[in-house]
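The values are calculated or read from the model by the stated rules, or taken from the named source; none is laboratory data. Treat the numbers as computed from the prediction; the structure is a model and nothing was measured. Glycine also receives a Cβ, built like all others from the backbone with ideal geometry; neighbour counts cover every protein chain displayed. Surface areas here come from the heavy atoms of the whole protein model, side chains and all, with no ligands, DNA or RNA. Shrake-Rupley method; radii C 1.70, N 1.55, O 1.52, S 1.80 Å.
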Amino acid sequence: HLPEESISQRYNVHRHLVREALRSLEHEGLAVWESRRGVWVTQMSLEGLDDVYTCRRSLEALAAELAAHRRTKEDLEGIVHALNELESAVATLNPRNFFRLNLALSAKVHAAAHNKTLLRLIIAIGKQSYRYRFLAYLQRPEMMEASVQGHKAVVDAIRSGDSRKAKKMIEDMVDASWVFLRTILS
């Protein structure tokens, strides 16, 4: 439950600002407004997972495919640096830190696609996918190592300009996560 008045008091913010923020969350699919009950966090479900991951798979695969063609030298340097940080984070087995670095690497790949509309769509769907993705790392820490290995293959494909391989590797990574999350939620 996301009580408007309590949030307003806790953070010393005007209620109309809290209401706007809650409406934004509702618009993004992260909260639901129920008549006479208030605002609630949208529950994770198989249907929600499938909706989000159907879109995530296609959008992220397109971004990797475009990145393999459009990436600049600076893009590639940023991607490799982010991958190195992600690799270092695996040893700590800290899902929260790993997740943060994973998102940073993904953002570098998305930006290397050089497509502003695609980036806006990925950001929108990303907000809905984060909680599912984080749940996967919490429930199965070994997925962190699998993620690093998958990202290495994606980065190699982007580096060599192999758009088909970059697309396929992202699809495989998202599919593996999707299957695992379906077992958790069922």
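Could you please find all residues in segment 168-184 being open to solvent by 70 Å² or more (accessible area, probe 1.4 Å) and in contact with a helix residue (DSSP H, G or I) (Cβ under 9 Å, 6 or more places away or on another chain)?
If the condition is that a residue be open to solvent by 70 Å² or more (accessible area, probe 1.4 Å) and in contact with a helix residue (DSSP H, G or I) (Cβ under 9 Å, 6 or more places away or on another chain), then Lys168, Arg182 are the ones that fit.
Each row is one residue, and each column tells you yes or no for (1) under 15 Å from Tyr53 (Cβ atoms); (2) under 17 Å from the mean Cα position of the chain (by Cα).
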site	(1), (2)
Leu86	no, yes
Phe98	no, yes
His110	no, yes
Ala124	yes, yes
Ser129	yes, yes
Ala136	yes, yes
Gly161	no, no
Lys167	no, yes
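Screening the candidates Arg57, Arg10, Arg15 for the property of being open to solvent by 30 Å² or more (accessible area, probe 1.4 Å) and either in contact (Cβ under 8 Å) with a residue 24 or more places away in the chain or closer than 16 Å to Ser106 by Cα (or both) yields one hit, Arg57. Residues that are open to solvent by 40 Å² or more (accessible area, probe 1.4 Å), touching a residue at least 24 places away in the same chain (Cβ under 8 Å) and out of contact with any helix residue (DSSP H, G or I) (no Cβ under 6 Å at 6 or more places or on another chain) within segment 63-78 comprise Arg70, Thr72, listed in sequence order. Would you mention how many residues in segment 79-105 are in contact with a His (Cβ under 9 Å, 6 or more places away or on another chain) and open to solvent by 10 Å² or more (accessible area, probe 1.4 Å)? Number of matching residues: 2.
Restricting segment 117-134 to residues that are touching a Leu at 6+ places or on another chain (Cβ under 7 Å) and at pLDDT below 95 leaves a set whose member that is most open to solvent (accessible area, probe 1.4 Å) is Lys127. The single condition among (1) within 21 Å of the chain's Cα centre (by Cα); (2) open to solvent by less than 40 Å² (accessible area, probe 1.4 Å) that Asp51 does not meet is (2).
Evaluation of Trp33 against the conditions (1) open to solvent by 80 Å² or more (accessible area, probe 1.4 Å); (2) touching a Phe, Trp or Tyr at 6+ places or on another chain (Cβ under 9 Å); (3) at pLDDT 95 or above shows that the sole unmet condition is (3).
Per the listing His151, His110, His114, the residue uniquely at pLDDT 95 or above and not in a helix (DSSP H, G or I) is His114.
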